[in-house]
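Chemist: The structure is given below, and queries will be raised subsequently.
Laboratory data are not the source of any read-out in this text; all were calculated from the coordinates shown. Quick caveat, the model's predicted, so the values are computed rather than measured. Cβ atoms come from the backbone with ideal geometry, glycine included; neighbour counts cover every protein chain shown.
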Number of protein chains: 2
Amino acid sequence: MISDPFDSGPTGAFKTLCRTYPDDTVFKGSDGFRSLWGPIFYRGRANGTARLLVVGQDPAQTEAVTRRILSGQAGRRVQGFVEKLGYTKRYLMINAFLYGISNQSQALPHLHDPEIEAYRNQWFEAAFAPGRIEAVVTFGTPAFDAWTAFTATPAGQAVLPTITFHKALHPTADKPGGPISRKDLLDNWNIALQSLHAGIQDPDVATPLVPYGADFTPDELPEIPSRDLPFGIPAWMRSTDFWATMAATPGNQRANVTIEVP
Amino acid sequence: MISDPFDSGPTGAFKTLCRTYPDDTVFKGSDGFRSLWGPIFYRGRANGTARLLVVGQDPAQTEAVTRRILSGQAGRRVQGFVEKLGYTKRYLMINAFLYGISNQSQALPHLHDPEIEAYRNQWFEAAFAPGRIEAVVTFGTPAFDAWTAFTATPAGQAVLPTITFHKALHPTADKPGGPISRKDLLDNWNIALQSLHAGIQDPDVATPLVPYGADFTPDELPEIPSRDLPFGIPAWMRSTDFWATMAATPGNQRANVTIEVP
């Protein structure tokens, strides 16, 4: 028998936001969005119990199948990060963009489009409304810019004095041959961890901070908890990084997805 | 903006059954089950409000993505059937088998394996526990045999006098060149409809029975209601029959899935 907790789904204002959301006239294919895969809203506790708010960028092909953000390679890296802070359950992850991006240079300039920003700010407001969030971390520049835009609103201004915040590099900012090495990424994350850890009062598990070394260890890439995913999602989808691939056509927002069972 | 109702998920006993279920030591790959895609539990109201119980056979590749049963071609045919009975919402669909089948001749003999039958009967018991089911329809022989096995139990014996029942052919029993034509299938379904319609007291929409003709009309193949699927599932997944294909290798329970956005 398998006995796995699963995500019972959003409640209250979060549920409303998963029911009514901008369509592909806002997240246009011609603007570099992969809107045909549908919106992917969150991962974690969309029920008012979250203490940590994580902001990412946009969902990829893995997330189009699990229907939760940050559940592929970037997701497992972020999962290790939040667990280092002692959060094993009471976190909420949302993205700067509700739909996947097929062309970054086309899509990123739309971060502050009024309808995109207004909808995203409703997620921020829903996250803070219960008054429980004590820490916020953004991963990557669009996530940071989304957070910054929220903190310029009255609701954002009100929460700023109540939380610990730090910005971190995108979870897959390190690319082979790119300007940011694995070590650079983890050095950046260590600084974020130290800053956030000091400000956290009520983690799920009080734990001394163990920084990253030069590379991720296996323990630092935990599986995505079953309680973050819909019921019945097989275990290999939670413990493997690359089981869904996009069609090769670059910039094709209708890109297809192939799921390869490992 | 999109404003779609979605399935808020199972409650009570149904939720327990979606959390604790037999694994691939029961639904073995070597017995012809495609257990690596994970279990697919139900479609419709797993919350005690269902008035009609539909029993199908096993989930296919489309359902492995939507994570709800009867959501591809067979599902749209069944949807038309239940809507002809006046049920637009208060139905529950379950399958004889929790996991997909890759090899029917290997898998079907396991219909009455003790652990498979015991788990399935828990779904029947959960469906009837609220006392609201007034009609039951089975599609295909394994579904009928599953129902028959349940009605041999004390819980099944107790509900038999309280419901209208009819068996129908599998929704895709008609195959090109096969022994059952489209007309044969629909004649069979018309008999089932007449029988069930006469016994139904409380449909969602009281509606005169309109039988099928020689083929499905477009109206008789409605889209899968968004309220039966998880939040964020794009509309084309509900209104198209064949957007997911299996790898060609017959009998390969590790068969992969390709999603082609129409």
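Chemist: Provide the per-residue ³J(HN,Hα) series for the range A:38-44, in order, calculated from phi with Karplus coefficients 6.51, -1.76, 1.60 and θ = phi - 60°, each as a whole number of Hz, with x at glycine and proline positions.
Modeler: x, x, 10, 8, 6, 9, x
Chemist: I've got another one for you. What's the ranking of A:73-79, B:231-237 by average number of surrounding C-beta atoms within 10 Å, highest first?
Modeler: Packing order, densest peptide first, comes out as A:73-79, B:231-237.
Chemist: I would also like to ask the following. For A:PHE231, enumerate residues with amide H under 5 Å from its amide H, sequence gap 5+ or separate chain, H modeled in the peptide plane.
Modeler: The answer is A:ASP7.
Chemist: Per DSSP H run of n ≥ 4, the term is -39500 (n - 2.57); total these for the protein assembly as shown, divide by its residue number, and report the mean residue ellipticity at 222 nm rounded to 500 deg cm²/dmol.
Modeler: -9000 deg cm²/dmol
Chemist: Copy-to-copy spacing for B:PRO211, label 7 Å out on the Cα-to-C-beta vector, in nm, shortest first?
Modeler: Listed shortest first, these distances are 8.0 nm.
Chemist: Further question: Would you pull out the residues with amide H under 5 Å of A:ALA168's amide H, same chain only if 5 or more places away, H placed 1.01 Å from N?
Modeler: Amide H to amide H, under 5 Å and 5 or more residues apart or across chains, A:ALA168 pairs with A:THR138, A:PHE139, A:GLY140.
Chemist: Tell me which of A:GLY86, A:GLN57, A:TYR99 sits at the most positive position along the dipole axis of the range A:1-115, charges placed on C-beta atoms (Lys, Arg +1; Asp, Glu -1).
Modeler: Positive-most Cα among the choices belongs to A:GLY86.
Chemist: Next question. Partner chain Cβ atoms within 10 Å, averaged over the residues of B:1-13 - can you pull that number for me? Mind dumping the intermediate values first?
Modeler: Numbers: counts 8, 10, 5, 4, 1, 5, 1, 7, 6, 3, 1, 0, 0.
Mean partner shielding for this stretch: 4.
Chemist: Further question on the same structure: How far is the Cα center of the range A:171-208 from the Cα center of the range B:160-215, in Å?
Modeler: Taking the Cα centre of each part, the range A:171-208 and the range B:160-215 sit 59 Å apart.
Chemist: Hey, another quick one. If you take each beta carbon of peptide B:22-34 and count the beta carbons of other chains within 10 angstrom, what is the mean? Each step should come with its number before you reach the end.
Modeler: Numbers: counts 2, 5, 2, 2, 2, 0, 0, 0, 0, 0, 0, 0, 1.
Mean shielding count: 1.
Chemist: Using the number of other C-beta atoms within 10 angstrom as an exposure proxy, rank A:VAL54, A:VAL205 with the fewest first.
Modeler: Least crowded to most crowded, the residues run A:VAL205, A:VAL54.
Chemist: Okay, next question. For chain B, what's the relative contact order in percent, using C-alpha pairs closer than 8 Å and at least 6 residues apart?
Modeler: Relative contact order, chain B: 27 percent.
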